[in-house]
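J.: Provided herewith is a single structure, encoded as structure tokens, for subsequent inquiry.
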Ligand code: DP6
């Protein structure tokens, strides 16, 4: 029986930013994430008697243009596993656009798992991670819950994510601060490509990530949330320095992004645990403890208008429901 696959989104604490192989989505560096419990995608794949795939997202049929990336991905899977069938894909994103999380991590992880169930491929989690990575790099990590590391690897078989601790007993919570203002979007795929091509600091980034991965794993083992936050914030700022130093330069930051970064620094001066991480967009995710998160949320909501806050905790890996 074909099952619906559920995958949760993840937030990178040590970012993936740059591919050495674009077709296979092989990254230059390892990356490390935390899976979150609030945002997920449910996907079902049904084999149909047709020579075209049909894709429904949030109960709406996608046009050919809208479904191109997904259909290309399904073509890759057909080629990998040597079969010809086409699918009807029903995917529901429980990643409210207002939550400011990219849905590609949970989206491609759920899709990989849905095909695994529909075609009864019986993939183990390593191969599921490899399959998800071929859809979107960050999706390789959403196969697992808790803290997860994606090993860069050197070819398709050696680039996959592995759990560090799927159910960590650690006092961490993430506040997602969504900035409700529109700005031109540069996809992560394009943003990282431009950074690799033209930032003079790209080779420093590769060296930095190697040392920060080691340090953050030690902090995770010690359950030292302040240290995890400190390393994550430094890593995120270093990633964004690659966009500002690209040629031509670009940034994902909005004015409110900088304002929130300032507030986080002020809160820390008052002894409140709060550290920022930012992906390929203006929204800020704040690493807190279960205790500090309420104060941080209150302070941000009182100081800045035009933002929405969402609280998330540690999430689990792929589920079949
Ligand atoms: C900043 O996984 O969306 O969120 O592999 O091109 O689909 P593609 O990129 P994607 O990039 C995520 C970039 C990031 C950092 C991270 O999640 O590690």
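The values are calculated or read from the model by the stated rules, or taken from the named source; none is laboratory data. As the structure is a computational prediction, the values presented were derived from the model and not from experiment. Because the Cβ atoms are built from the backbone with ideal geometry, glycine has one as well, and the counts that use them run over all protein chains shown.
J.: Report the residue count in segment 20-58 for those that are within 16 Å of the ligand (Cβ to nearest atom), part of a strand (DSSP E or B) and farther than 26 Å from residue 220 by Cα.
T.: Total meeting the criteria: 3.
J.: On to the next question. So, in segment 118-140, of the ones that are over 25 Å from residue 212 (Cβ atoms) and crowded, with 23+ Cβ neighbours inside 10 Å, which residue ends up nearest to the ligand (Cβ to nearest atom)?
T.: Only one residue fits best here, namely 135.
J.: Answer with yes or no whether residue 72 is modelled with pLDDT under 95 and either over 25 Å from residue 145 (Cα atoms) or outside the structural domain of residue 212 (by TED's automatic domain parsing) (or both). Show your work before the answer.
T.: Numbers: modelled with pLDDT under 95: no; either over 25 Å from residue 145 (Cα atoms) or outside the structural domain of residue 212 (by TED's automatic domain parsing) (or both): yes.
No, not satisfied.
J.: Kindly provide the set of residues from segment 21-58 that are out of contact with any strand residue (DSSP E or B) (no Cβ under 7 Å at 6 or more places or on another chain) and touching a residue at least 24 places away in the same chain (Cβ under 8 Å), ordered by number.
T.: Here is the first cut: in segment 21-58, the residues out of contact with any strand residue (DSSP E or B) (no Cβ under 7 Å at 6 or more places or on another chain) are 21-24, 29, 49.
Of everything in segment 21-58, those that are out of contact with any strand residue (DSSP E or B) (no Cβ under 7 Å at 6 or more places or on another chain) and touching a residue at least 24 places away in the same chain (Cβ under 8 Å) turn out to be 22, 24, 29.
J.: Taking only segment 59-96 into account, find how many residues are without any contact (Cβ under 8 Å) to a residue 40 or more places away in the chain and in a loop (DSSP other than H, G, I, E, B).
T.: Going through segment 59-96 one residue at a time, the tally reaches 11.
J.: OK, next. Out of all the residues in segment 150-178, which are in contact with a strand residue (DSSP E or B) (Cβ under 9 Å, 6 or more places away or on another chain) and farther than 24 Å from residue 290 by Cβ? Give the steps one after another, and end with the answer.
T.: At the first step, the residues of segment 150-178 found to be in contact with a strand residue (DSSP E or B) (Cβ under 9 Å, 6 or more places away or on another chain) are 150-156, 158-168, 170, 172-178.
Answer for segment 150-178, where residues must be in contact with a strand residue (DSSP E or B) (Cβ under 9 Å, 6 or more places away or on another chain) and farther than 24 Å from residue 290 by Cβ: 150, 151, 152, 153, 154, 155, 156, 158, 159, 160, 161, 162.
J.: Now for a different question. What single numbered condition from (1) within 16 Å of the ligand (Cβ to nearest atom); (2) assigned to a helix (DSSP H, G or I) fails to hold for residue 150?
T.: Only one criterion is unmet by residue 150, namely (2).
J.: On to the next question. Among 115, 143, which is modelled with pLDDT of 95 or more, buried (at least 24 other Cβ atoms within 10 Å of the Cβ) and more than 16 Å from the ligand (Cβ to nearest atom)?
T.: On the way: 143 fails: more than 16 Å from the ligand (Cβ to nearest atom).
Matching residue, one of 115, 143: 115.
J.: I'd like to know if segment 182-200 contains one or more residues that are out of contact with any helix residue (DSSP H, G or I) (no Cβ under 9 Å at 6 or more places or on another chain), more than 14 Å from the ligand (Cβ to nearest atom), over 23 Å from residue 301 (Cα atoms) and modelled with pLDDT under 95.
T.: yes
J.: Evaluate segment 173-195: report whether one residue or more is assigned to a loop (DSSP other than H, G, I, E, B), on the phi > 0 side of the Ramachandran plot and not assigned by TED's automatic domain parsing to the domain that holds residue 29.
T.: Pass one, segment 173-195, residues assigned to a loop (DSSP other than H, G, I, E, B): 180-187.
With the extra rule that they be on the phi > 0 side of the Ramachandran plot, the set shrinks to none.
No, every residue in segment 173-195 fails to be assigned to a loop (DSSP other than H, G, I, E, B), on the phi > 0 side of the Ramachandran plot and not assigned by TED's automatic domain parsing to the domain that holds residue 29.
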